[in-house]
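Chemist: Have a look at this one before I ask anything.
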């Protein structure tokens with residue numbers, strides 16, 4: 001097959017896919033305000049609609065990586081984007097049935113769960129090592145831009161058109177992908193220069209991935225981080241509208257936390273690298289950044305829950321999401337320290353466990369608010385406590401030496 005030599009085009013296409021991926025996640029938390037007014041859903045119904053995405057997302061991540069290896073990244077990524085775009089596009093047609101809507105949200109999650117592992121596979125097999133960091137940087141940045149764009153655009157459109165717009169964008173992407181990208185079949189010698197290092201120890205058993213406290217320190221920290229992040233992503237528009245009186249156009253301010261998260265994440269990476277260059281130990285840097293990334297958001301979530309001003313609420317939730325980005329230089333980077341050969345597997349285990357909050361926080365939030373007669377404070381106090389516990393576990397059990 002002919003070689004696909006223009007890596008810029010490849011990175012641009014994959015980054016656009018992640019832009020659409022991230023945008024499609026943000027549509028429903030914004031649209032559900034208008035949809036609830038129209039279909040008269042109770043809070044429990046809203047919770048299941050919001051959390052059903054995570055059920056599909058958790059179920060397909062490992063499948064994405066393994067099937068891309070077997071069937072090729074081009075076809076699996078095309079299938080993934082088509083699947084999540086179709087479920088997005090037809091959502092307005094089935095929104096009258098909450099059960100059909102939940103099913104479509106699961107399909108959205110399955111498609112998006114296939115997406116990133118497949119892109120990781122394509123990058124690992126196509127992009128030279130010296131260009132790979134920039135490629136992943138653009139990929140992650142495109143996701144933040146997608147969330148920001150959706151948060152800015154969706155509040156100004158009728159809710160049905162938001163799904164039609166971003167669903168159509170996915171169809172266009174699939175067409176471009178199938179026409180432009182030609183998958184490369186490399187010889188074994190060429191693979192030596194493209195693939196990550198081969199596994200040198202094949203005797204590690206699966207039980208090893210859950211048998212070491214330094215691994216569980218990362219898993220617990222990731223779980224704790226995502227608990228707060230999923231609550232913000234799923235419920236922030238509803239909370240601002242129902243509890244702080246935000247108007248339809250005010251919902252666009254939910255873009256600010258995503259912007260803050262992106263900016264702080266880049267700055268935190270440079271800061272952490274600078275500390276290492278100044279002879280800080282790797283473990284001390286990981287623990288410092290994770291502490292900032294968990295304790296800071298836990299504190300600002302408490303402040304957020306106590307204010308009645310829309311402006312202050314946006315400021316505190318943006319600080320919470322911004323400081324959460326420090327985790328990228330903390331426990332998320334720790335995988336390469338403790339399991340350099342198996343970092344992909346340990347991260348897959350961690351990311352799967354960290355999707356559980358996405359499933360739980362929808363119905364659990366609805367139940368807490370309902371049982372508290374409309375008060376949200378229990379939701380935020382639990383999120384804060386989960387962050388604090390995660391920080392304590394990580395600080396006491398983390399390591400930077402290799403365990404696998």
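Chemist: Could you line up 337, 24, 250 from fewest to most neighbouring Cβ atoms inside 10 Å? Numbers along the way, then the final one.
Modeler: Details: 337 19, 24 28, 250 16.
Going from least to most buried by this count: 250, 337, 24.
Chemist: Then there's this: Could you please rank 40, 248, 74, placing first whichever residue has the fewest other Cβ atoms within 10 Å of its Cβ?
Modeler: Working: 40 8, 248 12, 74 18.
Lowest to highest Cβ neighbour count: 40, 248, 74.
Chemist: Kindly put 138, 71, 181 in sequence by how many other C-beta atoms sit within 10 Å of each C-beta, fewest to most.
Modeler: Least crowded to most crowded, the residues run 71, 138, 181.
Chemist: Please find, in a Gaussian network model of the chain (springs between Cα atoms separated by less than 10 Å), the residue of 205, 160, 286 whose mean-square fluctuation is greatest.
Modeler: Taking springs between Cα atoms under 10 Å, the residue moving most is 205.
Chemist: Which of rounded, prolate or oblate describes the stretch 85-125 when judged by the alpha-carbon gyration tensor and an a/c cut-off of 1.5? Present the calculation step by step, with values, prior to reporting the outcome.
Modeler: Details: a/c = 7.49, a/b = 3.20, b/c = 2.34.
Note, shape of the stretch 85-125 comes out prolate.
Chemist: Ok, one more. Normalising by the residue count of the chain, find the relative contact order in percent from Cα pairs under 8 Å and 6+ residues apart.
Modeler: Working: 638 pairs, mean separation 98.9, N = 404.
Relative contact order, the chain: 24 percent.
Chemist: Which of rounded, prolate, oblate describes the chain, given a ≥ b ≥ c as roots of the alpha-carbon gyration tensor eigenvalues and a/c under 1.5 marking rounded, otherwise prolate only if a/b is larger than b/c?
Modeler: Working: a/c = 1.78, a/b = 1.18, b/c = 1.51.
Note, shape of the chain comes out oblate.
Chemist: Return the calculated 222 nm mean residue ellipticity for the chain, to the nearest 500 deg cm²/dmol, obtained by summing -39500 (n - 2.57) across DSSP H runs with n ≥ 4 and dividing by the residue count. Present the calculation step by step, with values, prior to reporting the outcome.
Modeler: On the way: 16 runs with 316 residues, N = 404.
That calculation yields -27000 deg cm²/dmol at 222 nm.
Each reported figure results from applying straightforward, stated rules to the coordinates on display, with no laboratory input. Everything numeric in this text was worked out from a predicted model, so none of it was measured. As a convention, Cβ positions derive from the backbone with ideal geometry for all residues, glycine included, and neighbour counts pool all protein chains shown.
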